[in-house]
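The values are calculated or read from the model by the stated rules, or taken from the named source; none is laboratory data. Predicted model, so just to flag it, every value in this text is computed and none were measured. We place every Cβ from the backbone using ideal geometry, glycine too, and count neighbours over all the protein chains shown. Just so you know, the surface numbers come from the protein's heavy atoms only, side chains and all, with ligands and any DNA or RNA stripped out. Shrake-Rupley method; radii C 1.70, N 1.55, O 1.52, S 1.80 Å.
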Amino acid sequence: MATKEIKKQLEMALAEIGKIEPWFDKAFNAWIFSNDLYPVECEGKSAEEVIKKYPKYLEIFIEHRMVGRLDEFNEKKTKGKGGARPNAGRPVGSNKESTIQIRVPNDIAMWLKQPGTISNLRTLMQAYKHA
């Protein structure tokens, strides 16, 4: 692969990333730098070491990408659906009753599923509550 093209891509990638500012991770007892734009991480004993090593790691990643030596998992873009999303869930102003799931014997479950049983049960509960 032409090194000129790799260098050009590396310059573009470093411009996208901006300033390399490593942070100290107490769990690993090392300085670390990573960026969301590229799946490349670098660690070292000092911040200066990480700043010096990261462009080399990024260059190797770019070279592997250009040659096609990367696993497709590294390049796959997902449409993450995790977390709260606008307009997800029950609509605002919905008057549907909230429910919970319980386990009861089959004969009781069949009895509860009969039409009108729930309202009769509520009436019975209210009468018992006021007695």
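Keeping to the stretch 1-16, report how many residues are hydrophobic (A, V, I, L, M, F, W, C), out of contact with any helix residue (DSSP H, G or I) (no Cβ under 8 Å at 6 or more places or on another chain) and modelled with pLDDT of 90 or more.
Filtering the stretch 1-16 down to residues hydrophobic (A, V, I, L, M, F, W, C) leaves 1-2, 6, 10, 12-15.
Right, trim to out of contact with any helix residue (DSSP H, G or I) (no Cβ under 8 Å at 6 or more places or on another chain) and you get 2, 12, 15.
From what's left, modelled with pLDDT of 90 or more: 12, 15.
Of the residues in the stretch 1-16, 2 are hydrophobic (A, V, I, L, M, F, W, C), out of contact with any helix residue (DSSP H, G or I) (no Cβ under 8 Å at 6 or more places or on another chain) and modelled with pLDDT of 90 or more.
Being touching a Ser or Thr at 6+ places or on another chain (Cβ under 9 Å) and open to solvent by 100 Å² or more (accessible area, probe 1.4 Å) is the requirement here; does E41 meet it? Walk me through how you get there before you give the answer.
Details: touching a Ser or Thr at 6+ places or on another chain (Cβ under 9 Å): yes; open to solvent by 100 Å² or more (accessible area, probe 1.4 Å): yes.
Yes; evaluated as a whole, the condition is true for this residue.
Within the stretch 22-38, work out how many residues are touching a residue at least 24 places away in the same chain (Cβ under 8 Å) and open to solvent by 60 Å² or more (accessible area, probe 1.4 Å). Can you show your working first?
Residues of the stretch 22-38 touching a residue at least 24 places away in the same chain (Cβ under 8 Å): 22, 37-38.
Remaining after also requiring open to solvent by 60 Å² or more (accessible area, probe 1.4 Å): 37.
Total satisfying the criteria: 1.
Report, by residue number, each residue of the stretch 8-20 that is surrounded by 12 or more Cβ atoms within 10 Å (Cβ to Cβ) and assigned to a helix (DSSP H, G or I).
To start, the set of residues in the stretch 8-20 that are surrounded by 12 or more Cβ atoms within 10 Å (Cβ to Cβ) comprises 8-10, 13-14, 17, 20.
Selection gives K8, Q9, L10, A13, L14, I17.
Considering only residues of the stretch 122-131 that are more than 44 Å from the chain's Cα centre (by Cα) and of a type outside the set (F, W, Y), which is modelled with the lowest pLDDT?
Here the answer is A131.
Mind checking whether some residue in the stretch 93-110 is surrounded by 10 or more Cβ atoms within 10 Å (Cβ to Cβ), modelled with pLDDT of 80 or more and outside any loop (DSSP other than H, G, I, E, B)?
Taking the stretch 93-110 and keeping what is surrounded by 10 or more Cβ atoms within 10 Å (Cβ to Cβ), we get 104, 109-110.
Pick out the ones that are also modelled with pLDDT of 80 or more and you get 104, 109-110.
Cutting the leftovers down to outside any loop (DSSP other than H, G, I, E, B) gives us 109-110.
Yes, some residue in the stretch 93-110 is surrounded by 10 or more Cβ atoms within 10 Å (Cβ to Cβ), modelled with pLDDT of 80 or more and outside any loop (DSSP other than H, G, I, E, B).
Among the residues of the stretch 44-56, which ones are in a helix (DSSP H, G or I), farther than 26 Å from V67 by Cα and open to solvent by 80 Å² or more (accessible area, probe 1.4 Å)? Talk me through it step by step, then tell me what you get.
Taking the stretch 44-56 and keeping what is in a helix (DSSP H, G or I), we get 47-56.
After this cut, where a residue has to be farther than 26 Å from V67 by Cα as well, the list is 47-49.
Matches in the stretch 44-56: E48 only.
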